[in-house]
Structures are given as C-alpha cells and as structure tokens.
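What follows is a short report on a single structure.
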Amino acid sequence: MTATIKDVAKMAGVSISTVSRVINDSKPVSPESRRKVLKAIDELQYEPNEIARSLVTKKSNIIGVIVNDIGKSYVSQVVRGIEEVGRMYNYDILLSSTYGDSEAETKYVKLLQQKQVEGIIIISEIHNAELMEYLEAMRLPFVYLNRFYIIEKLPTVSISNKKGAIKMTNHLVEQGHKKIAYISFDKDNGRNVELYKIEGYSEVMEGAGLNPMIINLPNTSPESYIDIMSKIIDKIKNNEITAIFAHSDESAIKIINLLYDEGIKVPEDVSVVGFSDIDMASIYRPRLTSVKEPFYDYGAVSARRLLKEISGEGTDEEKIYLPEYVIERETVKKLD
C-alpha cells in the first residue's frame, strides 16, 4: 500500500503541516523535526503528490513546449536544447504539436496554462496574429521561435537573417563570383524574414558594383521550381549566372536536382548555396555550403532565458541574436 503524508507524520511524530513544510521547504522547521520527517519519508518510500505540491509551492517544474511538427529535424534539435537545459535545472517539458494549425497553437497555450506550467516555448512556422496578441497580454513567461516570420515585439532567439545573407554573399564574391542570382520566396508581402535576406544580399551586390538578380518563387510547388529553372538555365549556359543563393537549404537541394536533370553540374557549371544548414545539407552530395542556424542553441538559449525569468532574475534583452556564419562545403567553385 502506498504511504501517505499522514503515515509520514505519524511515524515522525509531527503534524501533517510540519511534513508539508519539509517537503515544500516553505517555512522554517527545527533541525530535529526535519531529520525525523526525512527519515520517515525514506523508510516509508513516500513520494509526494506533485500536483498537490505545485498548488502549494506555485511551482510545477514543468515547461510547456508547443511545436509545429516534432517530426521535422530542426524542430527535434530545438526541443533537445530545451530539454537538456531544463533537465540541468530539474525541469521537465510537456510537448504538444500543432501541425501548422493556428487555432491549435492558441488552444495549446491556454491548455498548458491550465496544466500549471511555469513557462512556455513556442516553435512555429506560421503567422498567427491572434496568438501573438494573446501572448503579449499573457503574464506567464514565454519565448516565441519562428524561422520564417519577422518577430517584432515578442521575446525570441534567432540569428540575424540580414547578416547571414551578407556573409554568404560576401563569401561568393570572395570566391570570384559576380553574377549571383538570389532565389526568394515571400508569400506574405514583407512579413517574412526574406525581407532581411534580400536586404543583405542586395547590399553586398550593390556595394561591390554588381547587379542584384532576385528571382521570386510564387510558391514551393514542383511546377514553380520548373518555371524558374526555365528562366535561369539559359543564363547559366551563357555564363550570365555563375552562382545561385537559395533562400533555404530545401530550395537549394531542389535546384541542384533540377540542374542535374538538365546536365548542369554543381559546382563545376554553377555554384549553389543555401540557408539554415539543415541535416540534409551535410548528407546530400555534393555537400551544401550554407548559412548555419544553430537550432540546438535556439532551444538551449530559449530555455535558459525562460528559466531566468521564472526565477525572477529578469532578462536584459527581448530578442537574443546568436552568431551567424557560413559553413563551407562542396557546392561553391572558386573562379579565377
């Protein structure tokens, strides 16, 4: 039979309230009483009711994590960072997946509050104005992560997309490329982080006296990629494009495949680079040169920021920017 708090109090010869104070460390208890209570807990193998305990201490030691899809590689890396830092501070995570449903995002935030979590981290890929308004008014500590949309007012962790684009474009220019095309995808009229990437790319090109070539994807369907490839293949063959900077690694890999179908080799005939450094970037052949997004660190730093706020330490920055850098692999050819 499972021991109760009454059993502990009886064995220790103290009141139930004294046992509760020892367990929750809520009020002073004499060293002798504490010793008796701890001895009784050990002998009876008593395990406190964590739900009841959290109602007393106002601490559940649980962080709520809402993700778009745990099956995505980068999401699992972010979650691992959250979980490992949480574990260092004796916090567990409660995980929910929304699969891109904006109503589910808002619903799960409210549900996690009911579950007495001490803070929430959201990993999203959509623009959810209702959720953002709700989070701004919410008193519970939170961090909002989104790789694709501009986050203006909410606490977040990311790299500077503009600086990342600047570093990659500079890398291509340093390798002798002057005819660099940027493949963009912005379906939301300036709310997407593509705005910053294009600014960085254009700034370097114009600063070097080169002409920016921005090619927009209307969507990410196979037909859209085939359409843009019809526009650039002749330019590649005529040496009017020597390098392609794709807005994402997924896009870069699709482009490399389509080029291969047309008999165009990377990097021998044209260089191709991406953005994010997803797992596939280092597995695919040729291995993709990319701007690295440190997904594990996104999670770890978010968890640390959240825990500082939970503990009352406070934070100096709403937005935390991590270093951005180029991972050089095999898809860029140095021109003479």
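Derivation of every value follows stated rules applied to the coordinates shown; laboratory data play no part. Given the structure is predicted, the values throughout are model-derived calculations rather than measurements. Here the Cβ positions follow ideal geometry from the backbone for every residue, glycine too, while neighbour counts run over all protein chains shown.
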If packing is taken as the average number of other Cβ atoms within 10 Å across a peptide's residues, how do 263-276, 101-114 rank, most packed first?
263-276, 101-114
Could you run the Karplus curve 6.51 cos²θ - 1.76 cosθ + 1.60 with θ = phi - 60° over segment 140-155 and give me ³J(HN,Hα) per residue in whole Hz, x for Gly and Pro?
6, x, 7, 9, 10, 10, 8, 6, 10, 10, 6, 9, 9, 10, 9, x
Any chance you could tell me what percent of the C-alpha pair distances in segment 213-273 go past 15 Å?
43
Return the long-range amide H neighbours of residue 184 (sequence gap of 5 or more, or a different chain), with a cut-off of under 5 Å between placed amide H atoms.
215, 216, 217
May I ask you to derive the FRET efficiency for residue 279 and residue 15 from their Cβ-Cβ distance with R0 = 51 Å, giving the value to the nearest 0.05?
0.35
How much mean residue ellipticity at 222 nm does the chain get from its helices, if each DSSP H run of length 4 or more adds -39500 (n - 2.57) and you divide by all residues, to the nearest 500 deg cm²/dmol?
-14500 deg cm²/dmol
Other-chain or far-sequence residues with amide H under 5 Å of residue 193's (modelled H)
149, 150
As an exercise, use a Förster radius of 41 Å and the Cβ-Cβ distance of residue 150 and residue 268 to find the FRET efficiency, rounded to the nearest 0.05.
0.65
For a bin width of 5 Å, list the pair-distance distribution of segment 96-146 built from all Cα-Cα distances, rounded to whole %.
5, 21, 37, 27, 10, 0
In nm, spacing of pseudo-spin labels at residue 227 and residue 134 (7 Å Cα→C-beta vector):
3.5
So what is the relative contact order for the chain, in percent, with contacts set as C-alpha pairs under 8 Å and at least six apart?
18
Amide H neighbours of residue 94 under 5 Å, counting only residues 5+ apart in sequence or on other chains, H built in-plane at 1.01 Å?
63, 64, 65
Give me the orientation-averaged projected area of the Cα convex hull of the chain, in nm², one decimal.
21.5
Pairwise FRET efficiency - residue 115 versus residue 32, Cβ, R0 = 30 Å, nearest 0.05:
0.20
Please report the net charge: other residues with Cβ closer than 11 Å to the Cβ of residue 179, K and R +1, D and E -1.
+1
Cα centroids of segment 82-117 and segment 220-239: how far apart, whole angstrom?
42
